Each structure stands twice: as C-alpha cells, then as structure tokens.
Protein chains: 2
Amino acid sequence: MRYQLYYWGEIQGRGEFIRLALEDAGADYKDVVRSAGSDVMDAYFKKRNGPFACPFLKAGRLLIGQTANILHYLGPRLGLAPKDEARRLWLHQLQLTIADWLVEVHDTHHPIGSGFYYEQQKKEARRRSKDFLKNRLPMYLDYFERVDLGKFSYVNLSLFQMIEGLEYAFPRAMKRHRRRKLLENRYRVRIRLEKYLTSERRIAFNQLGIFRRYPELDA
Amino acid sequence: MRYQLYYWGEIQGRGEFIRLALEDAGADYKDVVRSAGSDVMDAYFKKRNGPFACPFLKAGRLLIGQTANILHYLGPRLGLAPKDEARRLWLHQLQLTIADWLVEVHDTHHPIGSGFYYEQQKKEARRRSKDFLKNRLPMYLDYFERVDLGKFSYVNLSLFQMIEGLEYAFPRAMKRHRRRKLLENRYRVRIRLEKYLTSERRIAFNQLGIFRRYPELDA
C-alpha cells in the first residue's frame, strides 16, 4: 500500500507523529504537501465528508483524519501495534492521552487562541506555562514513566517525539524532570530512526510549530 | 455484559457522552461514583496500567479510558455503530473532532489552567470566549452541519450533547448560529432519550461542569 500524508510542510506538528510511524516501518508514503504545497489540502477540506483539519491520510480509498485515529489504523498494518483488540484499545488510550498532553503544550504559548500571535498573548502564556510546568508536566511524565508500553509500538515513537519537543521548548524545566524510562525510550528511538532524523525529511523544530522555544516561558 | 462507568458524580462532563450511549441502548450499567463516591476511582488511578483520568469503563476484564476510545469500543456492541472498519474509523474521526471542540469550550472559562478558579482568569476567559464564539464555533457548527453522519450512531448522541451544552453556556451566541440539521438531530435525540433526560440520572448543567453559563462570556 502506498500512503499519502497531508500535513503542513514547514512544521513537525501533529503530522510528525504519523511521519515517525511511516518512517520507522519503512512504509511507502508520500508527504504530499512538502512537494505540492499546502493548497492541495483545500479540495479535501471542502469535501462533504472531508476532515476538519490536517493531518489526514489517504490509504487506497480511505481518507482518515485525526492523528490518533490514523495511528490506530496504521498500527497493525505497519507492525507497530498488535492485532488483538484489547492491546489496540490500550495503545490508543495512551495515544489519546498524549494528544491531550500535546494540546496543553500548544496552549502554553497560545492560551487565548490560535487566531492571535504569541506577542498578543505573551502575558497569559507566561501564567499558563508556569502552571503547566509546575502542575501538569510532572503528572504526564510520571504517568508515562509508569505505564507498561508492552512491545515496541507507535506509542514509543510518539513518546520520543514528546520528549524531544519538550526538551526543545523547555530545556531548563526538563532538566528538573528526568525520567529514566522515557529517556531510555528516547535514545532507543533515536538509534532506530537515525537515518530519518538526520535526513532532510525531518523538519527541524521551529517557532511555527507546536513545540516552541520562548525562554521567558521556561522554568 | 454489565458495564461499570467511572466518572465524577456531580457533573455531566465527559462522562455524559458515555452515559448517553449506554442509556440510548438500554444497556445494563452502573454509574459507580454516583452511588459509591469518587474515592472509588483512586485505586484505578494508582494502578500501574490505570487510566490517566476519568471517564473510564470496566467491561468484563477490560478497563478502558478516554471518552472517544470508550465510545469506539461500545459503538458496535450497543448497536450505535456499524461493525465495518471504514465506517467505524469515520465515526471515530468525528468523535475525536467533537473532543477537540469540547476542549475549546472548556477553555473559554479556563484559558490559563484548570488549577485556577474562574475568577482568577476572568479577563483572559473573556478574550478567549470572544475568539471562540467568533472564529471557532461557526467552523465546528458548519462542519457538523455538513458531514454525513450516516445511520444513527453515538456521534448523533454526542452532537446532541454539544448543542445542548452550548445552548446552556452561550444562549445569545447560539441564537445567531442556528443550524437546521443539528437542531433536528437535537430534537430527535430528545425524543429518543426523553425518559433518561427527565430522570434523576440526568445531572443538570451546572457551574462545575464543562459547559458553564457565565453571561459575561456570551455574545
């Protein structure tokens, strides 16, 4: 199967969680927007039964939206999730918890709304970040340090991405929150994906993405 | 199968999306916290492979967390989703979009963080609500007015809940945003669920829930 991924071409963002799974599996896929431009997504957004937002994936006749839903579909097909229902539900539950965590990371720099620039909500971003780093971040880290991830799956890849992103955005805060298993997972994935991570296909973290480095928001 | 639902007993919140599905199907379930108190959830939160947050559902030996994941599991079992994968993925995609929408509704009154009282973020809540009502709400309403929901499913129940909640929280704004199909769906579900909705099992909307009526945040 040849997959077609649709997501913004300038950022890692939510699309990166899909890219990591496709790359790790050595899947045959096209990152459509990166070669054709983001306008190609418009036709899908206008479709009656199109997705509400990107990323979305074309897989044969299927058009699948929502990051966690795409990974739920791809998991067993890419050898990145077992096939039995109970394990799939568990991995999906973890992935949806990662999705909640990611929204909270985004909202550290955009607490008032995506329609405003960071500069228009800087004061609010400071308050939200402080609360996030103090109260929410340790809860998520402790949770994912504790749970049993089972056999290597797309959840390992997504947790790698969360830790990479958080280290980029909040290097000082993350120094205070080292979690052994999460760091081990990070290095394990770095080795598995070295070829991809050092290629041009891996977009660098930047100030347009979900993980942004604003030193004034860090601990 | 006897299901056991775990969710806060004083609010509709995320648990209500599950309750509506169980009630509509006439399923055999226990809303555990409402009779036993919220402390019964603690043991599950402490479990190594417990859920990160509620709601969660016990179904035989399965323990399932994340609202959309629970509905994905329950759907075909309750006759509220077809069994074929493509349709299930589509419904789940819609449900995850509803979940995103719900977070945005919550954040209208808590843009800085759940750890602060509303009164501590009232000014920020005003800004965020204004942006939500102007830019985000119409996008979501238009999207769900347009898409094909197919045969009656748990998504119809969740959309009913969104419209009920939004009418409670933002009565003035919602007058400007009437969507025919969404209103038809609302009345259709009201009739189906009349017995539940007029029972004591349906908790009333209140100022502890996700949908809150703060007139100063309305249009």
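The values are calculated or read from the model by the stated rules, or taken from the named source; none is laboratory data. Source: prediction; values computed, not measured. For neighbour counting, all protein chains shown are included, and Cβ atoms are generated from backbone atoms with ideal geometry for every residue, glycine included. With ligands, DNA and RNA removed, areas are computed over all heavy atoms of the protein, side chains included. Shrake-Rupley method; radii C 1.70, N 1.55, O 1.52, S 1.80 Å.
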Within region B:89-99, the count of residues that are more than 8 Å from chain A (Cβ to nearest Cβ) and closer than 11 Å to B:Gly150 by Cβ comes to 2
Note: among B:Leu159, B:Leu141, B:Leu166, B:Leu183, just one is open to solvent by 10 Å² or more (accessible area, probe 1.4 Å) and either within 20 Å of the chain's Cα centre (by Cα) or hydrophobic (A, V, I, L, M, F, W, C) (or both), namely B:Leu183
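To keep it simple, each residue is scored yes or no on (1) more than 23 Å from B:Arg213 (Cα to Cα); (2) modelled with pLDDT of 95 or more; (3) part of a helix (DSSP H, G or I).
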site: B:Pro138; (1), (2), (3): no, yes, yes
site: B:Glu145; (1), (2), (3): yes, yes, yes
site: B:Lys151; (1), (2), (3): yes, yes, no
site: B:Asn156; (1), (2), (3): yes, yes, yes
site: B:Gln161; (1), (2), (3): no, yes, yes
site: B:Gly165; (1), (2), (3): no, yes, yes
site: B:Tyr168; (1), (2), (3): no, yes, yes
site: B:Met174; (1), (2), (3): no, yes, yes
site: B:Lys181; (1), (2), (3): yes, yes, yes
When every residue in region A:122-167 that is touching a Lys or Arg at 6+ places or on another chain (Cβ under 9 Å) and among the acidic types (Asp, Glu) is compared, the one nearest to A:Gly15 (Cα to Cα) is A:Glu164
Being of a type in the set (Gly, Ala, Ser), open to solvent by less than 20 Å² (accessible area, probe 1.4 Å), more than 30 Å from B:Met139 (Cβ to Cβ) and touching a residue at least 60 places away in the same chain (Cβ under 8 Å) narrows A:Ser153, A:Ser129 down to just A:Ser153
Checking B:Leu217, B:Leu193 in turn, the sole residue that is in contact with a helix residue (DSSP H, G or I) (Cβ under 8 Å, 6 or more places away or on another chain), farther than 29 Å from B:Lys30 by Cβ and open to solvent by less than 30 Å² (accessible area, probe 1.4 Å) turns out to be B:Leu217
Pairs returned, first residue in region B:45-57 that is more than 10 Å from chain A (Cβ to nearest Cβ), second residue that is in a loop (DSSP other than H, G, I, E, B) and of a type outside the set (A, V, I, L, M, F, W, C), beta-carbon separation under 7 angstrom, 6 or more apart or interchain, are B:Cys54/B:Tyr7; B:Pro55/B:Tyr7; B:Pro55/B:Arg14
From the option list A:Phe116, A:Phe205, single residue qualifying as of a type in the set (Phe, Trp, Tyr) and free of Cβ contacts under 8 Å to residues at least 12 places away in the same chain is A:Phe116
State whether the residues of region A:14-24 include one that is touching a Gly at 6+ places or on another chain (Cβ under 6 Å) and either within 14 Å of chain B (Cβ to nearest Cβ) or over 19 Å from B:Arg87 (Cβ atoms) (or both). no
